[in-house]
Amino acid sequence: MESRLNFFGNPLAGKVLKHINSAGKVVSDSTLPAAVQELVKIRASQINGCGFCTDMHTKEATQAGETQQRLNLVAAWREAKVFTEAERAALELAEQGTRIADAAGGVTDEAWANAAKHFDEEQLVALLSLVAIINAYNRINVINQQPAGDYQPGQFG
């Protein structure tokens, strides 16, 4: 598989990615737990069929100490006993936020209230922003058919 264009080498794309990366840095520096951030990025990327981001974030999570068992179960998190209630709330919000076109009402009040039980306002802002950011990255990579499998942890800084 070859990408449709060299998005990462394009000057205009570089300007666009600079702004998305800046937003991502704000979220990564927030008080939202790092493990939750990686789980959300992985799950949204799985839903969107973004192999590049799924590869990247599973490798980054592994590098950060995430267990293989938990990574193997992200796609089936509802049936898995290895996630905390807070992680489950974040994964539900991420799924509903990623699939907004599939449900007339978008994110349900129940999913929001459950997340609000586990995260403070700053963390909710970070979580909501993270869902938006990873979905943007997924769309760029899926549309461009960015190949997956070659990512090295820390490759982008």
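Please identify every one of the trypsin sites (Lys or Arg not before Pro) in region 73-105 that sits in a loop by DSSP and has no more than 11 other beta carbons within 10 Å of its own beta carbon.
81
Give me the mean projected area, in nm² to one decimal, of the convex hull enclosing the Cα positions of region 89-146.
Taking the Cα atoms of region 89-146, their convex hull projects to 4.1 nm² on average.
Of the listed values [x] 1.24; [y] 0.95; [z] 1.02, grab the one calculated as Cα Rg over 2.2 N^0.38 Å from the structure here.
Step by step, Cα Rg over 2.2 N^0.38 Å for this structure corresponds to label [z].
Determine which residues of region 113-145 fall in the zone a paramagnetic label at residue 12 would reach in this model, i.e. backbone nitrogen under 14 Å from the point 7 Å along Cα→Cβ.
none
Which angle between 0 and 90 degrees, to the nearest 10, do you get for helix 85-98 versus the longest principal axis of the chain when only C-alpha atoms count?
The angle comes out near 50 degrees.
If you put +1 on each Lys and Arg Cβ and -1 on each Asp and Glu Cβ, how big is the dipole of the chain around its Cα centre, in Debye rounded to 20?
Magnitude of the dipole: close to 440 debye.
Divide by every residue of the chain the summed helix terms, -39500 (n - 2.57) for each DSSP H run of at least 4, and state the resulting mean residue ellipticity at 222 nm, rounded to the nearest 500 deg cm²/dmol.
Result for the chain: -20500 deg cm²/dmol, rounded to the nearest 500.
Step through the residues of region 64-70 one at a time and calculate ³J(HN,Hα) from phi using the Karplus curve (6.51 cos²θ - 1.76 cosθ + 1.60, θ = phi - 60°), rounding each to whole Hz and writing x for Gly and Pro.
7, x, 5, 7, 4, 4, 5
Could you work out the relative contact order of the chain, using alpha carbon pairs under 8 angstrom and six or more residues apart, expressed as a whole percent? Before the final figure, lay out the partial values.
Working: 166 pairs, mean separation 62.6, N = 157.
After rounding, I find 40 percent.
Using only Cα atoms, tell me the angle between helix 11-28 and the longest principal axis of the chain; keep it within 0 to 90° and round to the nearest 10.
Once rounded, one gets 30 degrees.
Could you give the angle, 0 to 90 degrees to the nearest 10, between helix 34-48's Cα long axis and the longest principal axis of the Cα atoms of the chain?
Relative to the chain, helix 34-48 is tipped by roughly 70 degrees.
For the chain, what does the accessible surface come to per residue with a 1.4 Å probe? Please give it in Å².
Working: 8760 Å² over 157 residues.
On a per-residue basis, 56 Å².
Using a 1.4 Å probe over the heavy atoms of the protein chains, calculate the carbon and sulfur portion of the accessible area of the chain as a whole percent.
55 percent
The values are calculated or read from the model by the stated rules, or taken from the named source; none is laboratory data. Bear in mind that the values here come from a model prediction, so they are computed numbers and not experimental data. Glycine gets a Cβ as well: all are built from the backbone with ideal geometry, and neighbour counts include every protein chain shown. Only protein heavy atoms, including side chains, enter the accessible area calculation; ligands, DNA and RNA are left aside. Shrake-Rupley method; radii C 1.70, N 1.55, O 1.52, S 1.80 Å.
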